Amino acid sequence: MREKKFDWDEGNTGKNWEKHRVSDQECEEVFFDPWLIVHYDKGHSIEEDRYYVLGKTLAGRRLFIVFTTRDDKIRVISARDMSKIERREYEKYKEKKEDTPI
């Protein structure tokens with residue numbers, strides 16, 4: 001498994017804390033969620049490929065995160081708590097994966 005690296009700089013460090021009270025560490029934790037859901041964001045992939053994920057932090061906070069990749073690093077663009085519909089999608093996916101035999 002490839003190591004996950006993150007791209008933080010003055011352009012994105014602390015930005016999600018100011019807007020949605022989501023820390024940079026919480027953003028990173030979500031990418032290690034075993035039930036992480038990744039979607040390609042076609043509508044916002046004009047200048048670069050963008051994706052969004054649904055996942056949980058170590059403390060169980062369910063987050064929606066928009067990101068791109070640059071030089072094999074994850075660059076978080078925005079993060080917020082999941083909406084009710086997103087929480088349902090995440091829980092349904094998680095239940096399906098938990099019921100699937102290895």
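Tabulated results
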quantity	calculated
Qualifying trypsin sites (Lys or Arg not before Pro) for the stretch 1-49 [loop in DSSP, other Cβ within 10 Å: at most 13]	ARG2, LYS4, LYS5, ARG21
Restraint check, LYS15/LYS56; LYS4/LYS92; LYS4/LYS56; LYS19/LYS56; LYS4/LYS84, Cα-Cα greater than 23 Å	LYS4/LYS92; LYS4/LYS84
Those GluC sites (Glu not before Pro) in the stretch 1-74 that DSSP places in a loop and that have at most 14 other beta carbons within 10 Å	GLU3, GLU10, GLU47, GLU48
Extreme residue, positive dipole direction of the stretch 1-88, given options ASN12, SER45, PHE64 (C-beta unit charges)	PHE64
Angle in degrees between helix 84-99 and the longest Cα principal axis of the chain, rounded to the nearest 10	50 degrees
From the C-alpha gyration tensor of the chain, square roots of 5λ in Å	22, 16, 14
Extension gain, ASP49 back to TRP8 (0.36 nm per residue minus Cα-Cα distance, nm)	13.0 nm
Contour excess over end-to-end distance, with Cα ends at ARG21 and TYR40 and 0.36 nm allotted per residue	4.4 nm
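No value in this document is a laboratory result; all are computed from the given coordinates. Values in this document were obtained by computation on a predicted structure and should not be read as measured data. Reconstructed Cβ throughout: ideal geometry from the backbone, glycine too, with neighbour counts over all protein chains shown.
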